[in-house]
Amino acid sequence: MDSNVIIKTEKLVKQYGEGENMIYALNNVDLEVSKGEFVAVTGESGSGKTTLLNCLGSLDKPDGGKITACGKELTGMNDKQLSLYRRKNIGFIFQSYRLIPVLNVEENIVLPCNLDNTPPDLNFLNELLEMTGLEKKRLNYPHELSGGQQQRVAFARALIHKPQIILADEPTGNLDSKNSREIISILKSSIKKYDQTLILITHDGSIAAQADRIFRLTDGVLSEQG
């Protein structure tokens, strides 16, 4: 694999059901993403976008094909190895913020480090709080934050362990246009500053248009858009 390619799929297949009821969520998907690239994936609901992201992040296992990421072949790993791969290399951002209600902002952000028994980089934590405009909210709890602020916490949490790849599933889906623009601006600044790769699912054409490349999934078939 080209040393500049950070993630690659070959003939990736994911199916649900059997016989006449079988549906292909991913149908022989080939994808190459380079280090530092911002890739957007679009498509109708149910077209396989989230399934693709889950396979790339090793949250789900494909039924066929091959995934190579960060120099490792994921499809040959066991569950323990995949869990380690996720913790070290992947930052997830979901449409639902998935914050822990009983933890404050700072505690939610450093949670991945604590789960990995790794002391958080406090200087980097402060940098993330400043980048996301949460410096004055670090001791607040999720219920005391707006939707946009909660998504910023989720974003900082995805970055705290300095992942090589950020996988974002409709990260602006629950936000108004102003907060959506701000979140995408922060994401773009982050991947540039920290030399990260971003693969983002979106239904918003204006967000997709900001990506380096745009792909579309239709009934599990991936095609690159001009």
Problem set entry | Cα long-axis angle, helix 79-89 against the chain (0 to 90 degrees, to the nearest 10) | 50 degrees
Problem set entry | Across LYS8/LYS188; LYS61/LYS178; LYS14/LYS178; LYS72/LYS178; LYS66/LYS192, pairs whose alpha-carbon gap is larger than 32 Å | LYS61/LYS178; LYS14/LYS178; LYS72/LYS178
For this session: Starting with the fewest neighbours, write out ASP63, ASP195 ranked by other beta-carbon atoms found within 10 Å of each beta-carbon.
Result: ASP195, ASP63
Exercise. What do the square roots of 5 times the Cα gyration tensor eigenvalues come to for the chain, in whole Å, largest first, as semi-axes of the equivalent ellipsoid?
Worked result: 29, 20, 17
Seminar exercise, completed: Violations at 18 Å Cα threshold for listed pairs LYS80/LYS162; LYS11/LYS49; LYS11/LYS35 -> LYS80/LYS162; LYS11/LYS35
For this session: At most 15 other Cβ atoms within 10 Å plus a DSSP loop assignment makes a site exposed; report the longest stretch of the chain without any exposed GluC sites (Glu not before Pro).
Result: 45-226
For this session: Could you check which residue among LEU111, LEU159, LEU26 shows the biggest mean-square fluctuation in a GNM of the chain with a 10 Å Cα cutoff?
Result: LEU111
Exercise. Could you work out the helix-only [θ] at 222 nm for the chain, with each DSSP H run of four or more residues adding -39,500 (n - 2.57) and the total divided by the number of residues, to the nearest 500 deg cm²/dmol?
Worked result: -9000 deg cm²/dmol
For this session: Calculate the tail of P(r) for region 2-94: the fraction of all Cα-Cα distances greater than 20 Å, expressed in %.
Result: 36 percent
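All of the numbers you see were taken from the coordinates with simple rules; none came from a lab. Predicted model, so just to flag it, every value in this text is computed and none were measured. Because the Cβ atoms are built from the backbone with ideal geometry, glycine has one as well, and the counts that use them run over all protein chains shown.
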